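Peer 1: Got a structure here, written out as structure tokens. Questions coming.
Nothing in this text is a laboratory measurement; each read-out follows from the coordinates by a stated rule. Every value quoted in this text rests on a predicted model; they were computed, and no experiment measured them. Positions of Cβ are generated from backbone atoms using ideal geometry, with glycine treated the same way; all protein chains shown enter the neighbour counts.
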Amino acid sequence: MADNGTFGNILLPTDFSDASRDAAIYALRLARQHKAKLYLLHVMDISSDAAGFYVPHQSYENLDEEMLVAAEKMLYAFALKNIKGYKNYELRVVAGEPYKEIIKAIKSLKIDLCVMGTFGKAAIERFFVGSTTERVMRKALCPVLIIPPVR
């Protein structure tokens with residue numbers, strides 16, 4: 001957080017879910033209020049289970065490049081729909097384990113606030129599985145604003 005109590009850099013990690021769209025509302029509102037740079041980050045999970053999310057008919061040649069291009073297009077579309085009228089933003093797509101890449105982005109971009117959606121998992125699920133949001137909360141070097149699902 002800047003010395004004057006404002007957030008200069010805000011991170012909005014997105015997986016394109018409803019929870020991410022809900023978080024985008026708050027991230028955009030805060031970015032406008034603080035005149036902050038808003039970073040939209042999508043982390044490509046490149047495990048074989050997730051590959052079909054980006055490229056429905058996988059050809060194993062050029063798969064990484066196809067996934068990257070598809071993810072960039074999805075993030076651009078997400079920004080057009082959810083960050084309307086705000087010009088001070090940047091889109092980033094990286095590959096890796098989501099929580100680790102979010103933590104790296106927080107450090108490298110000097111993020112002052114991270115705004116994330118959550119699915120409200122049951123306690124037993126959190127205990128056994130752990131969520132990206134919870135891991136980011138535990139390891140982040142900045143405040144993390146968690147947006148619950150709109151009900």
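Peer 1: Neighbour counts of other C-beta atoms within 10 Å: give me Ser108, Ser20 arranged from fewest to most.
Peer 2: On the way: Ser108 9, Ser20 21.
By the 10 Å Cβ count, ascending, the order reads Ser108, Ser20.
Peer 1: While we're on this one: Name the long-range amide H neighbours of Tyr89: under 5 Å, sequence gap of 5 or more, or other chain; modelled H, no Pro or chain starts.
Peer 2: Residues meeting the amide H criterion: Leu38.
Peer 1: Where does each of Leu80, Leu145 land when they are ranked from fewest to most other beta-carbon atoms within 10 angstrom? It would help to have the intermediate numbers written out before the result.
Peer 2: On the way: Leu80 9, Leu145 16.
Fewest-to-most ranking of Leu80, Leu145: Leu80, Leu145.
Peer 1: Taking other Cβ within 10 Å of each residue's Cβ, how do Val144, Val94 sort, fewest first?
Peer 2: Ordered by Cβ neighbours within 10 Å, fewest first: Val94, Val144.
Peer 1: Here's a follow-up. Search the structure for amide H atoms under 5 Å from the amide H of Thr118, placed 1.01 Å from N in the peptide plane, and list their residues when 5 or more places away or on another chain.
Peer 2: The answer is Ile147.
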